[in-house]
Amino acid sequence: MIIGIDDTDSRAGMCTTYLCAVLVDELNQREYGDVSTPCLVRLNPCIPFKTRGNGAVSFEIRIATGKEEEVKELVKARVRELSEVHDEDTNPGVVFIDDSALRAMFRGDSDEKNECMLKLKTFYETTVRDVLAIEDAYALISELHFDSFGLKNERGLIGALAAASFWVVQKREPTFYDFTYELMAYREKERWGTARFIDEASVWKADEATYPFTWDTVDLGNKKLALAPHSPCPVLFGIRGGSVDALYKAYKLIQAEPAEREMVFVTNQGTDFHLITREEAEGTLHDYHSYILEGVVDSEPRTIEGGHVVFALSLSEQILGCIECIAYEPTKGFRDYIRKLRVGDEVTVYGSFKKGTINLEKIALRKLNVEVKRNPICDKCGKSMESAGRGQGYRCKRCKTYRSEKEVQIVDREIEEGLYEVPPVARRHIAKPLIRVQMEGGINHLHPSR
Ligand code: ATP
């Protein structure tokens with residue numbers, strides 16, 4: 001059986017990954033059957049009703065026949081008990097894909113099988129890139145005969161079904177989607193809401209010993225730890241990386257308050273799966289969606305109140321028009337690159353879109369504008385010529401020389417072409433760090449924040 005869960009936490013406490021870790025441990029202890037490594041999917045990062053990182057979880061359990069209902073009751077009981085249901089915005093949802101439904105999906109003739117798979121795949125992908133209604137989740141749950149459980153307005157069913165769908169697709173083809181890992185350590189209950197004790201020096205050592213197989217544990221440029229949340233939730237810290245061995249190596253090196261438990265998750269974090277390309281956007285941009293867009297810088301960057309840096313971007317080809325791009329103050333040193341842009345630079349921007357503005361996560365400087373036009377210099381006296389009137393060229397008053405066009409001068413730029421990113425302290429969970437791109441090879445001119 002595959003179980004997907006979402007929307008159990010609030011800003012004041014809990015975390016759906018913690019509930020998942022508790023359940024996985026309990027199900028293992030009770031020996032209902034093998035429980036898989038759980039999975040944590042990050043869904044659309046722009047969804048207004050998210051608590052923090054818009055995460056949802058799923059896992060698979062191979063249950064001995066006859067115990068399915070017992071397992072479901074246990075899951076429902078833990079969700080009822082641990083969810084922050086008193087919070088207005090917490091609306092838990094659980095989706096159960098029974099073995100019979102799974103078998104039917106995997107057994108059917110290939111057309112039917114592919115159709116079910118395609119529906120789940122589309123649902124997961126839409127939940128990461130688009131905005132859905134609860135009715136979309138109800139419709140697919142009923143069509144594919146899945147069992148489900150929800151509390152209050154049950155909005156969590158959207159994320160729960162998306163997380164379960166990710167699992168099913170990866171089960172059929174384990175490398176269909178790019179994935180990474182996160183090892184989460186959880187706090188003892190008595191400490192929830194108090195300041196976390198994590199020995200800073202040990203974290204820097206752990207990072208040094210495992211980077212780049214782990215990433216975003218620290219933010220080197222900003223000299224800050226990046227592994228621990230600042231909320232009162234049960235998470236002590238999370239170590240992100242591409243290898244489980246490296247996660248455990250780092251974990252063993254970190255000295256901190258005792259963890260109640262830890263759990264490794266397979267995750268879509270660090271994959272950029274939320275980004276919609278220009279071709280996929282089909283000519284229109286929508287609020288609460290994230291894009292990769294090409295264009296030309298259309299205004300000199302300026303720093304506005306709050307330290308945010310903005311510039312206008314004139315979009316190219318399929319999507320026409322002008323949008324604003326913004327590097328928010330928390331992106332720190334990334335803003336220095338944005339300040340160095342000039343009108344005429346050809347760039348590709350990556351980020352989420354709302355009210356005509358892209359919130360920058362990455363930027364590729366494809367072609368820097370190195371030309372400056374200035375009034376021509378007189379060949380005789382070496383002085384700058386003056387305009388002879390609108391559209392009438394340039395003249396040197398003294399020598400009476402004439403030139404029809406401005407002169408083009410090549411200037412040095414203080415920035416190189418290539419791909420730039422926000423630092424770890426400002427990175428979205430789902431955004432792909434450039435160090436991952438670098439390790440994959442193939443792209444030149446990367447400027448990882450480290
Ligand atoms: P945490 O990361 O701490 O677990 P969260 O940020 O994941 O919290 P949730 O409490 O899970 O936030 O709230 C997100 C809500 O948005 C859930 O009910 C989920 O089902 C729903 N949701 C997620 N993605 C979409 C989407 N694309 N369209 C509509 N609803 C969505």
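The values are calculated or read from the model by the stated rules, or taken from the named source; none is laboratory data. Source: prediction; values computed, not measured. Please note: Cβ atoms are built from the backbone with ideal geometry, for glycine as well, and neighbour counts cover all protein chains shown. We work out accessible area using only protein heavy atoms, side chains counted, and drop any ligands, DNA or RNA first. Shrake-Rupley method; radii C 1.70, N 1.55, O 1.52, S 1.80 Å.
Against the main long axis of the alpha-carbon atoms of the chain, helix 134-143 sits at an angle near 50°.
A straight Cα-to-Cα reach below 17 Å connects K397 with the lysines K380, K383, K406, residues fewer than 8 places away in its own chain not being considered. Which shape class applies to region 204-277: rounded if a/c is under 1.5, otherwise prolate when a/b exceeds b/c and oblate if not, where a ≥ b ≥ c are the square roots of the Cα gyration tensor eigenvalues? Since a/c stays below 1.5, the shape of region 204-277 is classed as rounded. The chymotrypsin sites (Phe, Trp or Tyr not before Pro) of region 1-60 meeting both criteria, a DSSP state outside H, G, I, E and B (loop) and at most 13 other C-beta atoms within 10 angstrom of the site's C-beta, are F49.
The alpha-carbon of K205 sits under 18 angstrom from the alpha-carbons of these lysines, leaving out residues fewer than 8 places away in its chain: K223, K224, K249, K252.
Using a Förster distance of 51 Å, how high is the FRET efficiency between N369 and S243, based on the Cβ-Cβ distance and rounded to 0.05? Don't jump to the answer; show the numbers that get you there.
Numbers: r = 42 Å, r/R0 = 0.81.
Taking R0 as 51 Å, the efficiency between N369 and S243 is 0.75.
Full extension from K50 to T37: what is 0.36 nm times the residue separation minus their Cα-Cα distance, to one decimal in nm?
On the way: separation 13, 0.36 × 13 = 4.68 nm, distance 2.44 nm.
Gain on stretching K50 to T37: 2.2 nm.
Given the convex hull of the Cα atoms of region 2-172, what is a quarter of its surface area in nm²? Present the calculation step by step, with values, prior to reporting the outcome.
Working: hull surface 36.2 nm².
One quarter of the hull surface, i.e. the mean projection, equals 9.0 nm².
A full extension of the chain between L74 and S314 corresponds to an added length of 80.9 nm, given 0.36 nm per residue minus the alpha carbon distance.
Think of the chain as having a plus end and a minus end, set by charges on the Cβ of Lys, Arg, Asp and Glu; of M439, A246, S10, M439 sits farthest toward the positive end of this dipole.
When only DSSP loop residues count, what GluC sites (Glu not before Pro) in region 5-92 have their Cβ near at most 12 other Cβ atoms within 10 Å?
Values: sites: E26, E31, E60, E68, E69, E70, E73, E81, E84, E88; in loops: E31, E84, E88.
Sites meeting the loop and neighbour criteria: E31, E88.
Across T17, T401, T267, mean-square fluctuation computed from a Gaussian network of the chain (C-alpha pairs under 10 Å connected) peaks at T401.
Roughly how many percent of the accessible protein surface of the chain is carbon and sulfur, given a 1.4 Å probe and a whole-percent answer? The partial results should precede the final answer.
Numbers: 10090 of 21010 Å².
The C+S portion of the solvent-accessible surface of the chain is 48 percent.
From the Kirkwood radius over Cα pairs of the chain, Stokes-Einstein at 10 °C and 1.306 mPa s returns a whole-number translational diffusion coefficient of 65 µm²/s. In this simple spin-label model, placing a label point 7 Å from the Cα along the Cα-to-Cβ direction at both E324 and K189 gives a separation of 4.8 nm. Counting only Cβ charges, +1 for Lys and Arg and -1 for Asp and Glu, the dipole size of the chain around its Cα centre is about 2540 debye. Remark: region 407-450 is approximated by an ellipsoid whose semi-axes, taken from the C-alpha gyration tensor as √(5λ), come to 28, 14, 7 Å, largest first. For S100 and L446, a Förster radius of 51 Å and the Cβ-Cβ distance give a FRET efficiency of 0.60, rounded to the nearest 0.05. Volume per residue of the convex hull around the Cα atoms, evaluated for region 309-392, comes out as 164 Å³.
So for region 317-450, Kirkwood radius off the Cα pairs, Stokes-Einstein at 20 °C and 1.002 mPa s: how many µm² s⁻¹? Present the calculation step by step, with values, prior to reporting the outcome.
On the way: Rh = 18.0 Å.
The calculation lands on 119 µm²/s.
Exactly which GluC sites (Glu not before Pro) in region 370-444 are in a DSSP loop and have at most 13 other Cβ atoms within 10 Å? Can you show the working numbers first?
Values: sites: E371, E386, E405, E407, E414, E416, E417, E421, E440; in loops: E405, E414, E416, E417.
Passing sites in region 370-444 are E405, E414, E416.
Against the chain, whose longest principal axis comes from its Cα atoms, helix 244-253 is set at around 90 degrees.
Structural descriptor for the chain: relative contact order 14 percent, calculated from alpha carbon pairs under 8 angstrom and at least 6 residues apart.
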